[in-house]
Every structure is written in structure tokens, then in C-alpha cells.
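Since the structure comes first, as C-alpha cells, the remarks are kept for the end.
The values are calculated or read from the model by the stated rules, or taken from the named source; none is laboratory data. Everything numeric in this text was worked out from a predicted model, so none of it was measured. Note that each Cβ is placed from the backbone with ideal geometry, even for glycine, and that neighbours are counted across all protein chains shown. The protein model used for the area step is the full one, side chains on, heavy atoms only, and it has no ligands, DNA or RNA in it. Shrake-Rupley method; radii C 1.70, N 1.55, O 1.52, S 1.80 Å.
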Amino acid sequence: MLNRTLEAPVKSGIVYVVDDDAAVRDSLSWLLENNGFKTSCHESAERFLMALTNSDTSVTACALLDVRLPGMSGIELQEKLIEQGHLLPVAFVSGHGEVKLAVQALKQGAHDFIQKPFTEEAICGLISQMLNKAYLNQQQNSEVKKAQSKLQGLTKREKEVLECVVAGCTNKQVAENLNISLKTVEAHRANVMNKLGVN
């Protein structure tokens, strides 16, 4: 077992293992859980997608996918995840090191494409990287949603004032552009800053 301190988002994250080979699922699950990771194993892309629809999206997660799965392939599953807006980092584990598939997976945003056999250190390092990436993605998305929510709270006129300010206009220029008084601009600007929580 690897001796290293796992960061909080890594410890609380889930590693989805999607492989049609029960022995591979069991060995990956055993290896990862012995290194402090939580796993959720699935035998097909379809079962994984079904489980994902019922999962808590606020939990940090990543996925290890086999390239060759019965029914929907690993590459097709990756495409489906992108299509459905799932942002979890994905890596492929395969015994079939086909360059064409690896290139396609990486072009579609896969974190990595590794061949069996792999070392314990390599797979645990990969999982740590992916869970940290997933955690950072969640934080960024949360910040974007907060900002969007604050912007929606602005009136039409406040949005117009904000657009001028962001474009580098002075209060006087904003007043001229919007055909309003300087005092009105100052009032709207103060409201915008207050609602957005900025200086």
C-alpha cells in the first residue's frame, strides 16, 4: 500500500470503475480502497449511466473506463457523458493499446489513457490527479453559478451601467451613453457594486 497523505477532496471523492470483467473490477476496487479511495463499480456503460442519474452530483468523482465494453463502448460512454453535461474527469484503462482510440479519447478530453498492466503507484497517482481536477472544476462551476445568480438580480438599467463600467467608461461617459444624469449613474453604480458584493 502507498504511504501518502490524501487531500480532503480526494478522500471524499468516488472513483467509478466501469469494466465488464468482474476480476478487473474487483482488483481495481481492492487496490483503490486499500489506498484510501471510495469506489463504485459497474459492468457496463448503460448501468453506469443509470447509477449516475441517481447519484449526488455535489460529490467529487472521476471515472476509470475500459475501452471495450459490451453494448456502448468506453469511447461512446465518454461522448455520452460530455453530451449529458457530466464534468467528471475520465481515464481509460485498456489491454488494447490502439493508438487511434487513445488519440480519440484524449481529443475528447480524457485525462489519460493507460495500458494494462499498470503499477499501483501509477493508478493511484492518476486517481489523485483526476479527483483533484474534479474538485477544482466543482469549485469553479460553483463560483460561476453564484456570479450568474448575482447578475440576474440586477435591473435592466443596472446591467447597462455595468456593461459601460466593464468597458472602461467613466461615470460621465456612462451618463452620456445612456442619456441619464451623473447622479443617476452613481446611484446605479453603487447598487451594482452592492448587489455583486464588489468594491
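Only one of E176, E121, E163 is under 30 Å from P89 (Cα atoms), open to solvent by 80 Å² or more (accessible area, probe 1.4 Å) and modelled with pLDDT of 85 or more. Can you tell me which?
Answer to the selection: E121.
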Query - Number of the exception - R25 against (1) under 28 Å from N141 (Cβ atoms); (2) part of a helix (DSSP H, G or I) - result: (1)
Query raised in the report: Any residue in segment 31-49 that is touching an Asp or Glu at 6+ places or on another chain (Cβ under 6 Å), within 15 Å of D19 (Cβ to Cβ) and open to solvent by less than 20 Å² (accessible area, probe 1.4 Å)?
Result: no
Requested in this report: Name every residue in segment 17-46 that is touching a strand residue (DSSP E or B) at 6+ places or on another chain (Cβ under 7 Å) and of a type in the set (G, A, S), in order of residue number.
Outcome: S29, S40, A45
**Report entry** Subset of segment 65-115 that is touching a Gly at 6+ places or on another chain (Cβ under 9 Å) and open to solvent by 70 Å² or more (accessible area, probe 1.4 Å) - its residue that is modelled with the highest pLDDT
**Finding:** I82
Report task. Would you mention how many residues in segment 147-160 are surrounded by fewer than 14 Cβ atoms within 10 Å (Cβ to Cβ) and under 13 Å from A187 (Cβ atoms)? Result -> 1
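From the list L126, L131, L151, pick out the single residue that is in contact with a Ser or Thr (Cβ under 6 Å, 6 or more places away or on another chain) and either more than 30 Å from T39 (Cα to Cα) or of a type in the set (A, V, I, L, M) (or both).
Values: L126 fails: in contact with a Ser or Thr (Cβ under 6 Å, 6 or more places away or on another chain); L151 fails: in contact with a Ser or Thr (Cβ under 6 Å, 6 or more places away or on another chain).
From the options L126, L131, L151, the qualifying one is L131.
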**Report entry** Index of the failed condition, N194 passing every other in (1) in contact with a Leu (Cβ under 6 Å, 6 or more places away or on another chain); (2) more than 30 Å from W30 (Cα to Cα)
**Finding:** (1)
Query raised in the report: Within segment 48-103, which residues are out of contact with any strand residue (DSSP E or B) (no Cβ under 8 Å at 6 or more places or on another chain), assigned to a loop (DSSP other than H, G, I, E, B) and of a type in the set (S, T, N, Q)?
Result: N54, T57, S58, S73, Q84
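For segment 82-96, does any single residue satisfy the condition of being aliphatic (A, V, I, L, M), more than 17 Å from the chain's Cα centre (by Cα) and on the phi < 0 side of the Ramachandran plot? Let's see the steps before the verdict.
Taking segment 82-96 first, the residues aliphatic (A, V, I, L, M) are 82, 87-88, 90-91, 93.
Filter once more, so that each one left must be more than 17 Å from the chain's Cα centre (by Cα): 93.
Then keep just the ones that are on the phi < 0 side of the Ramachandran plot; that gives 93.
The answer is yes, given that some residue of segment 82-96 is aliphatic (A, V, I, L, M), more than 17 Å from the chain's Cα centre (by Cα) and on the phi < 0 side of the Ramachandran plot.
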